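Have a look at the structure below before the remarks.
The values are calculated or read from the model by the stated rules, or taken from the named source; none is laboratory data. As the structure is a prediction and not an experimental result, all values here were calculated from the model. A quick note on method: Cβ atoms are made from the backbone with ideal geometry, for glycine too, and the neighbour counts reach across all protein chains shown. Please note that ligands, DNA and RNA were not included when accessible areas were found on the heavy atoms of the full protein model with its side chains. Shrake-Rupley method; radii C 1.70, N 1.55, O 1.52, S 1.80 Å.
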Amino acid sequence: MDHGTVGSAESGRLLVEVREEGSSAVVTPAGELDHHTADLLREPLDDLLDKGFARLVVDCSRLEFCDSTGLNVLLGARLRAEAAGGGVHLAGMRPVVARVFEITGAEAVFTVHDSVDAALAGGAD
């Protein structure tokens, strides 16, 4: 497996790290995902999809907050990934973030895993 870091982006409230794991890409947002920081997540997700990574794992274990704008970024990436034959897998969600997905019903359209390792072991979409 390739564990190389592809890149990162940061603002004062959100850091996004990206790494390749074989045919998957792992994206780790850390901090607050809202309308002020959403582009910091949208851009690397779009870049990965443009590069042909159709299977994305979003490690939510360091995500402290997610509003509707952040949720829309993830939903948009999911639509693009599924159109390419892949999907967006969410891993390690904290209860405060999981609640947003539960309230909105978005949990029903994502595959959610307890950990990144479990998401990566899930195989092809």
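Tabulated values for the structure
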| item | result |
| --- | --- |
| Long-range HN-HN contacts of Cys66 with modeled amide H, under 5 Å | Leu33 |
| Average Cα contact separation per residue, the range 15-122, under 8 Å, 6 or more apart, as relative contact order % | 26 percent |
| Amide H partners (placed H, <5 Å) of Ser115, local residues excluded | Gly92 |
| Efficiency of FRET between Ile103 and Asp47 - r from beta-carbon atoms, R0 35 angstrom, step 0.05 | 0.75 |
| Rounded, prolate or oblate (a/c below 1.5 giving rounded, otherwise prolate when a/b exceeds b/c) for the range 75-125 by Cα gyration tensor | oblate |
| Inter-centroid distance (Cα atoms) of the range 97-111 relative to the range 41-92, Å | 14 Å |
| Answer label for Cα extents along the principal axes in Å (calculated), chosen among [x] 47, 39, 28; [y] 42, 41, 25; [z] 31, 30, 24 | [z] |
| Å² of accessible area per residue within the range 15-122, as computed with a 1.4 Å probe and no ligands counted | 44 Å² |
| Stretch gain in nm, segment Arg94-Asp67, where the contour uses 0.36 nm per residue and the Cα spacing is subtracted | 8.3 nm |
| Protein accessible area in the range 31-125, 1.4 Å probe - carbon and sulfur % | 50 percent |
| Helical segments meeting 20 Å axial Cα length and Kyte-Doolittle 0.0 threshold in the chain (DSSP H) | 68-83 |
